[in-house]
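The values are calculated or read from the model by the stated rules, or taken from the named source; none is laboratory data. Predicted model only: the values in this text are computed from it and were never measured. Here the Cβ positions follow ideal geometry from the backbone for every residue, glycine too, while neighbour counts run over all protein chains shown.
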Amino acid sequence: MADLVVTADGWLAAGGLRFRCALGRSGITRAKREGDGATPSGRLPLREVLYRPDRVAAPRTRLPRSALAPADGWCDDPSHPDYNRRVRLPHPARCESLWRSDGLYDLLAVLGHNDAPPVPGLGSAIFLHVADDGFGPTEGCIALARPDLETVLAAAAPGDAVMVIPP
């Protein structure tokens with residue numbers, strides 16, 4: 001599959017397919033900062049797929065995948081050495097739980113943003129995940145309807161990425 005392309009008007013294109021998507025509440029930015037609510041622009045490699053095994057079956061994908069557990073989290077504290085990394089909860093720094101009750105993280109792909117290595121304050125936890133029913137804005141992630149996300153992940157392979165085009 002060629003790179004996925006995301007545009008500021010809320011569409012993701014993959015090959016000949018187009019899917020509606022939700023973006024960050026602050027739109028797309030070229031200068032991502034922690035907590036700004038914006039989706040970072042640029043090429044975001046698809047790193048791995050995580051899924052909640054009590055709610056969804058292991059997804060079809062050629063990307064690395066692993067099951068989430070209730071203690072999984074993601075550190076979003078720029079002052080901690082684990083910033084922008086998957087961690088186990090409880091954790092001494094500020095973290096987001098990946099085991100959510102709302103279903104948004106039942107299936108997700110970790111996107112490569114500010115992770116090689118993480119620079120404090122330049123954004124964390126950028127995922128391709130399940131959208132809420134009304135396609136409400138995210139905190140900076142890209143969200144698709146679950147069937148569309150499953151379609152995208154089934155076609156994805158190592159080396160693929162999401163290209164986010166700024167307005």
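Would you mind stating whether ASP82 is of a type in the set (Asp, Glu), part of a loop (DSSP other than H, G, I, E, B) and touching a residue at least 40 places away in the same chain (Cβ under 8 Å)? Answer is no for this residue. For the stretch 53-76, the tally of residues that are within 16 Å of ILE126 (Cβ to Cβ) and free of Cβ contacts under 8 Å to residues at least 24 places away in the same chain stands at 0. Among the residues of this structure, ALA14 does not count as one that is closer than 15 Å to ALA125 by Cβ and touching a helix residue (DSSP H, G or I) at 6+ places or on another chain (Cβ under 8 Å).
Take ARG65 and decide whether it is under 15 Å from ALA22 (Cβ atoms), at pLDDT 95 or above and surrounded by fewer than 17 Cβ atoms within 10 Å (Cβ to Cβ). So ARG65 does not fit the description; no. Of the residues making up the stretch 32-42, not a single one is part of a loop (DSSP other than H, G, I, E, B), over 18 Å from HIS129 (Cβ atoms), among the hydrophobic types (A, V, I, L, M, F, W, C) and modelled with pLDDT of 95 or more. Between ALA116, ALA93, the distinction of being closer than 20 Å to PRO45 by Cα, of a type in the set (A, V, I, L, M), more than 14 Å from the chain's Cα centre (by Cα) and in a loop (DSSP other than H, G, I, E, B) belongs to ALA116 only. Scanning the stretch 43-79 for residues that are among the basic types (Lys, Arg) and part of a strand (DSSP E or B) yields ARG43, ARG47, ARG65. The set of residues from the stretch 2-31 being in a loop (DSSP other than H, G, I, E, B), surrounded by fewer than 17 Cβ atoms within 10 Å (Cβ to Cβ), aliphatic (A, V, I, L, M) and in contact (Cβ under 8 Å) with a residue 12 or more places away in the chain comprises ALA2, ALA8.
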